[in-house]
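Taken together, the values in this text are just the output of simple stated rules run on the coordinates, not laboratory data. Nothing here was measured: the structure is a model prediction, and the numbers come from that model. Quick reminder, even Gly has a Cβ in these numbers, built from the backbone with ideal geometry, and neighbours come from all protein chains shown.
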Amino acid sequence: MTLSKPPKTPGLVARLARARPTKPGEIYGVPGQGNTFWLSVASVATMLFVWWLVTTLGWVKPLFVPAPQAVLAKFVQIWNEGFTNTSFLEHTLTSTLRVFGAFVLACLIGLPLGLAMGMSPTIRGIFDPPIEFYRPIPPLAYLPLMIIWFGIDETSKVLLIFLSMFAPIVLGARSGVKSAAIEQIHAAYSFGATRWQVMRYVILPSAMPEILTAMRVGIGFGWTTLVAAEMVAATKGLGYMVLSASQFLQTSVVIMGIFVIAAIAITFDLVMRFLERRLVPWKGRM
């Protein structure tokens, strides 16, 4: 009598490579679909632990990388006492208004222009060259021009952030127009739809996923440009706080300011993802 061998348990690599079970109503599992919340939590916890371990063991001097508890203590101190005679909330509010003011302006101008460029070759031919010309130029390169033309007040700062957001928002909206299926457009025209109705009910819904992605990318560029915008003649703002602290080698303040900027940007990105799930629930399912 031959004894049968017990079934072999698949290894770790095999389990990771195995496709997830399909949900009801699905034929095949969607690549990349799945909940990553706990993996993200574990990743952040690991990075914080490594940071704490490296600083606690003294492998890096506090001048270069202060301990997490030192950064937290500095945050509490600035929250209570402020920085350069200005409260922490005022620094945060100033930078937030600059970024989101420029973001609203970029959306009001960039989204209609991008949609028009996607639908009209004439408008695309007029506006595409200047946008493509300045798009790859770093904001620091044209910061002196902003100061020469508009001075050192809020206008130059907001305009610099606006320009960093404007190009990706326009190009995202223009690319979104091409997402509309030609069959849907022809069907709408065959039923007697006007050009505006085709734009409103066919092209715009198809372009919304690309538009929302472009808005997320644009706001990211805005936050990365904030520090450059607050380099000149700024007395308030998170970017000013980071730059001012770096001149006096206050590394804990620099890292704390970076974390605050990142927290605000991540919060906005989460809000945009929430709106994306509500406004375009069909994204990734067609």
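Identify, among Ser156, Phe166, Tyr240, the residue whose Cα sits farthest towards the positive end of the charge dipole of the chain, taking +1 on the Cβ of Lys and Arg and -1 on the Cβ of Asp and Glu, with the dipole about the Cα centre.
Phe166
Report, by chain and number, residues whose modeled amide H sits under 5 Å from the one on Phe83, excluding near sequence neighbours (fewer than 5 apart, same chain).
Amide H neighbours of Phe83, under 5 Å, 5+ apart: Phe88.
Over segment 144-259, with a single point scatterer placed on each C-alpha, what log10 of the ratio I(q)/I(0) does the Debye formula yield at q = 0.21 1/Å?
With one equal scatterer per Cα and no solvent, log10 I(q)/I(0) is -1.05.
Which whole-angstrom value gives the distance between the alpha carbon centres of segment 217-286 and segment 52-76?
Distance between centres, Cα-based: 22 Å.
Counting pairs on different chains as well as pairs 8 or more places apart, how many Lys pairs in the chain have Cα atoms under 30 Å apart? Display every interim value, and only then the final one.
Numbers: Lys8/Lys23; Lys23/Lys283; Lys61/Lys74; Lys61/Lys236; Lys74/Lys157; Lys74/Lys236; Lys157/Lys236; Lys178/Lys283.
The number of close lysine pairs in the chain is 8.
Give me log10 I(q)/I(0) at q = 0.17, 0.19, 0.21, 0.25 Å⁻¹ for segment 63-122, Debye formula, one equal scatterer per alpha-carbon, no solvent.
Taken in order of the listed q values, log10 I(q)/I(0) reads -0.72, -0.80, -0.87, -0.98.
Which one is right for this structure if Kirkwood radius over Cα pairs in Å is calculated from it: (i) 19.4; (ii) 21.4; (iii) 22.9?
Derived directly from the coordinates: (iii).
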